[in-house]
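First comes the structure, then the notes that go with it.
No value in this document is a laboratory result; all are computed from the given coordinates. These numbers were taken from a predicted model, which means no experiment stands behind them. Positions of Cβ are generated from backbone atoms using ideal geometry, with glycine treated the same way; all protein chains shown enter the neighbour counts.
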Amino acid sequence: MTAKVTVEDVARVAELAHLELTPDETGHMLHDLNAILDYVAQLSELDTAGVAPLAQVTELEGAGGEGLLRQDTVIPSLDRGAVMPQAPETDQVFFKVPKVIER
Amino acid sequence: MPSETKTPETFVEKPKAFAEMREGILAGSVKSVDLAASYYERIEQLNPRLNVYLSLTKDRALEHAAEVDATAAKGDPLPPLAGIPVGIKDVLVMRGAPSTAGSKILQGYQPPYDATVVSKLEAAGAVLLGKLNCDEFAMGSSNENSAYGPVLNPVDTGRVPGGSSGGSAAAVAANMAVATLGTDTGGSIRQPASFCGVVGVLPTYGRVSRYGLIAFASSLDRVGPFAANVRDAATMLGVIAGHDPMDATSSPVPVPDYAAESDKPVEGLRIGVPAEYFGEGLDSEVRACIEQGITTLKTAGCTVKPISLPHTRYAIPAYYLVATAEASANLARFDGVRYGYRSPASDTLSAMYSHSRDEGFGAEVKRRILLGTYALSAGYYDAYYLKAQQVRRLLAEEFIRMFAEVDAIVTPTAPTPAFKLGEKTGDPLAMYLADIYTVTASLAGICGVTVPCGTTRTGLPVGMQVLAAHMNEGTAFRVARAVEAGQK
């Protein structure tokens, strides 16, 4: 858990996250990520063998999450006419994006 | 951006209590429309100095206020918040009003629907004044990460109001709203409430619907109220709490009368004081204020008991892994396709995604997306994300065990009073540590209230955090009322 993040790591993660960083930004992020990951490395002190991960507190007993599952029924969602005007480019039926496939 | 001020100024004014405002409206001596207009006047006067509101919803507010007045004139029964001017954090959507989440990427976005909490407030008669400034996507502890400039603390304009709900806290402190809504993922209601000297509520996870909240970390995000006193905060929570089919994690547990709960005496309640919240890094003046608050509780008949929560020190690392991992997934939706900003100069789809996101997001948001993506990436998932979730269970179970022995736990809300603008902006880790006492309850899903508990020698507010078990807000309100009653 003491992996040192490299410039290549930052570039790879930025690509995964669809973020384009300037060389300046990459330098700052490299420094910050290493500082933060150094700090979180203290978690490795703690023995968590056999501890089930907790993704949602609603699964804890007494947390108010009992009976959360609902019937799988169709309910109307927002009207297309209300939603499409917020799109940067649209013909009011579809979202338009730059060309994906060359032909 | 607020204008530069060399000498710090103060704009503190305590709003009237709900009950007093309601009396005027019931008697017909106060018109809801006049009340709203007077708040808009004060906002127009102070906003250029404090940068609290990002946008105003005047038409909708005045129309709704006129309806309240019409109901009052007919002598019909008035709903619980009739005519009360309320502000909404800009991460909660309101139909037809800009909702930016403090980000450039959502500049100009006009959501086509209301958040459930917005509908509930309006149905209860509240007059919604406008949208409040905050850190971009609620990521920050000082409000300095807003793309629209920082909010200044009304107590001392040289200082931050806390974050991320800095506008929500400052609005109540400066009487630019009688009450407000904020959101809390790691401390974003409690810490600014503490810095601005107002009451802030972290409801149990699932108590208040998240429908219409622009998501940061969905397993941690909560919506809660700010008010000038504990009873009004309890009234606000009673209005916004309850089951909502639009939020899959919304709890079906019935909503008690929180205001009535807050009226109950505290005599006989068992209060735990955890040693881990009073260690290194705690400001001595904050400590003295909290100790004074604990004495108040003893005098009121509570049994105070020293306790230990040994996993506390692991909360910040676990929190920043879980929260950033979830954020990296949630913020993938901002891609320039369906809403918000699209970079104009992109000839391929992939370039459009990355240009739009690069130009639209600020530095802290990028930092957290990168950290979260890293923690979720192949080879690191087990060591970081899974480990953090295991630690999360240990922290939650530690609280649950402790709440078998005590009714409430009291701590400082933040290790220091409000810090100076710019003091921590260069060091992200130092900024994260401002949340050291608040992230524990966030991870565990329990509830809490922060209540003003004295001031430093220079007059900066200090907040006491009162934590209670899941779905036990009533107890937290009772204890907070007793602390409030002990203030001069």
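Just counting partner chain Cβ atoms within 10 Å, what average do the residues of peptide B:368-381 show around their Cβ?
Details: counts 1, 6, 16, 8, 2, 8, 12, 3, 2, 5, 1, 1, 5, 0.
Per residue, the average neighbour count from other chains is 5.
State the extension gain, in nm to one decimal, for the chain segment bounded by B:A73 and B:D283, taking 0.36 nm per residue of separation less the distance between their alpha-carbons.
Between B:A73 and B:D283, full extension yields an extra 70.3 nm.
Could you work out the percent of alpha carbon pairs in the protein assembly as shown separated by over 30 Å, rounded to a whole number?
Numbers: 86861 of 174345 pairs.
Pairs farther apart than 30 Å: 50 percent.
Would any residue of the stretch B:223-256 have its amide N under 18 Å from a label point 7 Å out along Cα→Cβ of A:S77? List them or say none.
Residues passing the 18 Å test: B:245-249.
Give me the Kirkwood hydrodynamic radius of the stretch A:1-46, using the inverse of the mean 1/r over all pairs of distinct Cα atoms, in Å to one decimal. Don't skip to the answer; put the middle values down first.
On the way: mean 1/r = 0.0889 Å⁻¹.
The Cα-based Kirkwood calculation yields 11.2 Å.
Set the Förster distance to 60 Å, then compute FRET efficiency between B:R457 and B:D34 from the Cβ-Cβ distance, nearest 0.05.
On the way: r = 40 Å, r/R0 = 0.67.
Here the calculated transfer efficiency is 0.90.
What fraction of the Cα pairs in the stretch B:18-264, stated in percent, has a spacing above 23 angstrom?
Working: 13276 of 30381 pairs.
That tail contains 44 percent of the Cα-Cα pairs.
Subtracting the Cα-Cα distance from 0.36 nm times the residue separation, let me have the gained length for B:R338 to B:A260 in nm, one decimal. Walk me through the numbers on the way to the answer.
Working: separation 78, 0.36 × 78 = 28.08 nm, distance 4.49 nm.
My answer for the length gained is 23.6 nm.
Using the 10 angstrom Cβ neighbour count as an exposure proxy, how do B:L129, A:L69, A:L21, B:L26 rank, fewest first? Write out the running numbers ahead of the final one.
Values: B:L129 25, A:L69 7, A:L21 21, B:L26 15.
By the 10 Å Cβ count, ascending, the order reads A:L69, B:L26, A:L21, B:L129.
Can you sort A:L16, B:L370 so the residue with the fewest Cβ neighbours within 10 Å comes first? Can you show the working numbers first?
Working: A:L16 16, B:L370 28.
Lowest to highest Cβ neighbour count: A:L16, B:L370.
Could you work out Rg/(2.2 N^0.38 Å) for chain B, with Rg from alpha carbons only? Write down the numbers at each step before the final one.
Numbers: Rg = 21.2 Å, N = 488, 2.2 N^0.38 = 23.1 Å.
It is 0.92.
Among rounded, prolate and oblate, which fits the stretch B:408-487 when a ≥ b ≥ c are the square roots of the eigenvalues of its C-alpha gyration tensor, a/c under 1.5 means rounded, and a/b larger than b/c means prolate? Show your work: numbers first, answer last.
Working: a/c = 3.84, a/b = 1.34, b/c = 2.87.
Oblate.
Based on the alpha carbons, how large is the Rg to Rh ratio for the stretch B:73-202 when Rh follows Kirkwood?
Numbers: Rg = 14.6 Å, Rh = 14.6 Å.
Checking Rg against Rh, the ratio lands at 1.00.
Cα-Cα over 18 Å: which of B:K14/B:K488; B:K104/B:K131; B:K31/B:K58; B:K14/B:K420? Working shown, then result.
Details: B:K14/B:K488 14 Å; B:K104/B:K131 15 Å; B:K31/B:K58 16 Å; B:K14/B:K420 23 Å.
Beyond 18 Å between Cα atoms: B:K14/B:K420.
Can you give the three extents of the C-alpha atoms in chain A along their principal axes, from longest to shortest, in whole Å?
Each principal axis gives a Cα extent; for chain A these are 54, 50, 25 Å.
Taking amide H atoms as placed 1.01 Å from N in the peptide plane, list the residues 5 or more away in sequence, or in a different chain, whose amide H sits under 5 Å from that of B:Y53.
B:N133
Given a Förster radius of 35 Å and the C-beta distance between A:Q42 and B:E9 as r, what FRET efficiency does 1/(1 + (r/R0)^6) yield to the nearest 0.05?
Between A:Q42 and B:E9 the formula returns 0.25.
Each label point is 7 Å from the Cα along the Cα-to-Cβ direction; what then is the distance between the points at A:Q86 and A:A35, in nm?
Placing both labels 7 Å along Cα→Cβ, they lie 3.6 nm apart.
How much FRET efficiency would the formula 1/(1 + (r/R0)^6) give for B:K420 and B:Q107, where r is the Cβ-Cβ distance and R0 is 30 Å, rounded to 0.05?
0.55
Using only DSSP helix segments of four residues or longer, with each worth -39500 (n - 2.57), what per-residue ellipticity at 222 nm results for chain B after dividing by its residue count and rounding to 500? Walk me through the numbers on the way to the answer.
On the way: 16 runs with 184 residues, N = 488.
Computed mean residue ellipticity for chain B: -11500 deg cm²/dmol.
Hey, what do the phi angles of the stretch B:382-396 turn into as Karplus ³J(HN,Hα) couplings, whole Hz, using 6.51/-1.76/1.60 and θ = phi - 60°, x for Gly and Pro?
5, 5, 10, 5, 5, 4, 4, 5, 5, 5, 4, 5, 4, 5, 5
Residue by residue through B:201-211, how many Cβ atoms from other chains fall within 10 Å of the Cβ on average? Numbers along the way, then the final one.
Details: counts 0, 0, 0, 5, 7, 7, 1, 0, 0, 0, 0.
Average per residue, whole number: 2.
Name the long-range amide H neighbours of B:G463: under 5 Å, sequence gap of 5 or more, or other chain; modelled H, no Pro or chain starts.
B:T413, B:A414, B:C453
Could you derive backbone 3J(HN,Hα) for the stretch B:363-377 from the dihedral phi with the Karplus parameters 6.51, -1.76 and 1.60 (θ = phi - 60°), listing whole Hz in sequence and x where the residue is Gly or Pro?
Values, residue by residue: 4, 5, 5, 4, 4, 6, 4, 5, 4, x, 5, 4, 5, 9, 7 Hz.
Taking amide H atoms as placed 1.01 Å from N in the peptide plane, list the residues 5 or more away in sequence, or in a different chain, whose amide H sits under 5 Å from that of B:A174.
Counting only residues 5 or more places away or on other chains, the set is B:E13.
Would you please classify the overall shape of the stretch B:127-226 from the alpha carbon gyration tensor, given that a ≥ b ≥ c denote the square roots of the eigenvalues, rounded means a/c under 1.5, and beyond that prolate means a/b larger than b/c while oblate covers the rest?
On the way: a/c = 1.64, a/b = 1.38, b/c = 1.19.
Since a/c reaches 1.5 and a/b is larger than b/c, the shape of the stretch B:127-226 is classed as prolate.
Given 5 Å bins starting at zero, what is the percent of C-alpha pairs of the stretch B:331-488 in each, up to the one with the largest pair distance?
1, 8, 11, 12, 13, 13, 14, 11, 7, 5, 3, 1, 0
Rank the residues B:T425, A:T58 as a footprinting-exposure proxy: fewest other Cβ atoms within 10 Å of their Cβ go first.
Working: B:T425 17, A:T58 20.
Exposure proxy ranking, most exposed first: B:T425, A:T58.
Can you compute 3J(HN,Hα) from phi for each residue in the stretch B:143-152, using the Karplus curve 6.51 cos²θ - 1.76 cosθ + 1.60 with θ = phi - 60°, rounded to whole Hz and x for Gly and Pro?
6, 7, 8, 5, 5, 10, x, x, 7, 9
Using +1 at the Cβ of each Lys and Arg and -1 at the Cβ of each Asp and Glu in the protein assembly as shown, identify which of B:M176, B:V201, B:F403 lies farthest towards the dipole's positive end.
So the residue furthest toward the plus end is B:M176.
Over the whole of B:386-398, what's the average partner chain Cβ count within 10 Å per residue? Rounded to a whole number, please.
On the way: counts 4, 8, 5, 7, 10, 6, 6, 9, 5, 1, 5, 3, 0.
For peptide B:386-398, the averaged partner shielding equals 5.
Have a look at A:V83, A:V57, A:V13 and tell me which one the Gaussian network model of chain A (Cα, springs below 10 Å) gives the largest fluctuation.
Greatest mean-square fluctuation among the candidates belongs to A:V83.
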